[in-house]
Amino acid sequence: MHDKSPPMEYLNWELSVLSRALRYDNLSAAALHVGMSQPQLSRIVAKIEADLEINLLERKSKRNSAWTPAAIKLSELYSETLRSFRGRLQDLTQETQMSRLRIGCLEGLVSHVLRFADMTFKKNSVEVFEILVEDLNILEETFSKKGIDLLLSFREPGRKKFRYVKELGFQVVKNEGNKKGVPVVSSFEYGTRFETTRGKNKAPSKILVSNSLQVRREWIQSYGGMGTLPSEVLRLRPASDPASIQPVLLIGQEDLPEKVWNGLLAEIAKLPRVTGS
C-alpha cells in the first residue's frame, strides 16, 4: 500500500503564506498585502490544492476569487499547530535551562554547595536554587523519589549505576577531640555502628547523637569527647589512611537534560578547592 498522507513537511512555507492571505477577503486583496504578485500567490494556492486535494478558492471570477470554508479551516489548523509547536518548544527550552534546581547534600558539603549556588546564580538561568541538607539515608530516599535533581554524597544510592556521576574531589574523615567525654556520632553512624551494640560491653554507655555537623563540632570543642568530622573538599586524593578518605560525588537524575548536566560540571570545575597534602 502506498502512503497517501499529504506531504505536510514540504508545505510549511506555502501554508504560512496562505495563513497570511486568509486575513483578506479574496486573492486579489491578499496579493496586495503579502508581498507577491497575484500570479505568484495563485500558484502557491494551486500547489496546496493539488498536494492536499482540497479546494481553497471559489473561482467565480479571476479578479474576485473568494476563499472556501475549507481554506479557512486549513488556515486555522495550521495556526493552531504552529502555536502548539512554539509552546512546546518554549517548554523544551525552559526544561533545558532549568529555572529551578534542587540539590541535596550532607552538612559537611554545605560550603561547597553554597559556592556552587553563588556561581550558578551569576552564570546560569537558574532562578531558584534549593538546598536540602539531611542525613545520607534521607537524601538517598528523596533522590530515589525524584524529590531532588542532584545529590552530593560520598556514594551512589543503591546498587544502580547512574548515567550522571562525577567525582568532584575527596574528603578526609578524621577523629577529632579526645576520649575524655561523651562520644559524638552522626545519626547515620549511630544507625550503622552503635544502635545494634547498645547495652553491650563494646558500646559506650553514653553517646551524643546529632544529624547536625555544627552541633557535633561545637560539642567536641566545648565539652570534650571524640567524633569523626569531615575536612573541606580536596582537589587531589590525600596521602592519608585510605579508610579515612571519602570521594565526593555529584549524581544527577536520569531525566536531567544533558545540556544542564554539562553546564553544571563547567561551573563546578571553576570552584576553588583545597589541595590535600
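The values are calculated or read from the model by the stated rules, or taken from the named source; none is laboratory data. Because the structure is a prediction, the values reported are computed rather than measured. Note that each Cβ is placed from the backbone with ideal geometry, even for glycine, and that neighbours are counted across all protein chains shown.
How many residues does segment 21-49 contain that are charged (D, E, K, R), exposed (fewer than 15 other Cβ atoms within 10 Å of the Cβ) and assigned to a helix (DSSP H, G or I)?
Residues of segment 21-49 that are charged (D, E, K, R), as a first pass: 23, 25, 43, 47, 49.
Of the ones still in play, those that are also exposed (fewer than 15 other Cβ atoms within 10 Å of the Cβ) are 23, 25, 43, 47.
In the following step, the residues that additionally are assigned to a helix (DSSP H, G or I) were identified as 43, 47.
Looking only at that region, the number is 2.
Cβ-Cβ below 8 Å, separation at least six or inter-chain, first residue in segment 35-49 and in the same structural domain as R23 (by TED's automatic domain parsing) and closer than 15 Å to S19 by Cβ, second in a loop (DSSP other than H, G, I, E, B) and β-branched (V, I, T): which pairs?
L41/V34; I48/I54
If Y190 satisfies all but one of (1) outside any helix (DSSP H, G or I); (2) at pLDDT below 90; (3) under 28 Å from P238 (Cβ atoms); (4) out of contact with any Leu (no Cβ under 7 Å at 6 or more places or on another chain), what's the number of the condition it fails?
Answer for Y190: the failing condition is (1).
Can you find a residue that is hydrophobic (A, V, I, L, M, F, W, C) and either more than 14 Å from P247 (Cα to Cα) or outside the structural domain of N211 (by TED's automatic domain parsing) (or both) anywhere in segment 161-175? If you could, list the steps in order and put the result at the bottom.
Of segment 161-175, the ones hydrophobic (A, V, I, L, M, F, W, C) are 162, 165, 168, 170, 172-173.
Adding the requirement that they be either more than 14 Å from P247 (Cα to Cα) or outside the structural domain of N211 (by TED's automatic domain parsing) (or both) leaves 162.
Checked against the condition, which is being hydrophobic (A, V, I, L, M, F, W, C) and either more than 14 Å from P247 (Cα to Cα) or outside the structural domain of N211 (by TED's automatic domain parsing) (or both), segment 161-175 yields at least one hit.
In segment 254-277, which residue that is modelled with pLDDT under 75 and under 17 Å from F121 (Cα atoms) is surrounded by the most Cβ atoms within 10 Å (Cβ to Cβ)?
We begin by selecting, within segment 254-277, every residue modelled with pLDDT under 75; these are 270-277.
Retained after the next criterion (residues that are under 17 Å from F121 (Cα atoms)): 270-272.
On the way: K270: 10, L271: 16, P272: 10.
Among those residues, the one meeting the criterion is L271.
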